[in-house]
1. Could you look through the stretch 1-45, keep only residues that are of a type in the set (D, E, K, R) and at pLDDT below 55, and pick out the one that is surrounded by the most Cβ atoms within 10 Å (Cβ to Cβ)?
2. When residues of the stretch 26-51 are filtered for being in a helix (DSSP H, G or I), hydroxyl-bearing (Ser, Thr, Tyr) and touching a residue at least 24 places away in the same chain (Cβ under 8 Å), how many remain?
3. Out of 99, 128, 93, 147, which single residue is open to solvent by 60 Å² or more (accessible area, probe 1.4 Å) and of a type in the set (Gly, Ala, Ser)?
4. What is the residue count in the stretch 105-141 for residues that are touching a helix residue (DSSP H, G or I) at 6+ places or on another chain (Cβ under 9 Å) and either over 20 Å from residue 57 (Cβ atoms) or not aromatic (Phe, Trp, Tyr) (or both)?
5. Checking residue 108 against (1) open to solvent by 60 Å² or more (accessible area, probe 1.4 Å); (2) more than 30 Å from residue 41 (Cα to Cα); (3) of a type in the set (S, T, N, Q): exactly one of these is not met. Which one?
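The values are calculated or read from the model by the stated rules, or taken from the named source; none is laboratory data. Here the structure is a predicted model, which is why all the values come from computation and not from measurement. Counting neighbours? That spans all protein chains shown, and the Cβs are built from the backbone with ideal geometry, glycine included. The area values use the complete protein model at the heavy-atom level, side chains included, leaving out ligands, DNA and RNA. Shrake-Rupley method; radii C 1.70, N 1.55, O 1.52, S 1.80 Å.
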Amino acid sequence: MTVMESTESVSARTDTCASAPRAHPRPEGQDRYTISEVVAFSGLTAHTLRWYERIGLMPHVDRSHTGQRRFSNRDLDWLAFVGKLRLTGMPVADMVRYAELVREGDHTFTERQELLESTRRDVKARIAELQGTLAVLDFKIDFYGGARTAPEGV
């Protein structure tokens, strides 16, 4: 198994990135990418990709007969999803736990959902905090813009 398991019991959906992923460079069946190709496509470093594999975030990357990593389109989709999780501020340990739950199978849906809902709450709180910060910045920008147009003696 390279990345996400198919979840046959839930209308044959696949547990991958929720939003439509970027188009794959190669069609299914011809999707064997070297680490350097994945670096170019994903923007991640080779060091990061190897680290993800080492910590269990991508534990079953296929290998060629010479031992070189061979990534698939599903791996690219998983990396895109992990990138979104990183943007949420989710701790790496939680991302690894989520990946473990996916590998464990369908009986972990509830725990996966709870983990994502908790992350969603954190993201919403950060958004609210940033909106408050944006309001302060807007106030200051308006203040300084008005100060430049005010007459000197006022």
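1. Among those that are of a type in the set (D, E, K, R) and at pLDDT below 55, it is 5.
2. Number satisfying all stated conditions: 1.
3. 93
4. Adding up the residues that qualify gives 11.
5. Of everything listed in (1) open to solvent by 60 Å² or more (accessible area, probe 1.4 Å); (2) more than 30 Å from residue 41 (Cα to Cα); (3) of a type in the set (S, T, N, Q), residue 108 misses just condition (1).
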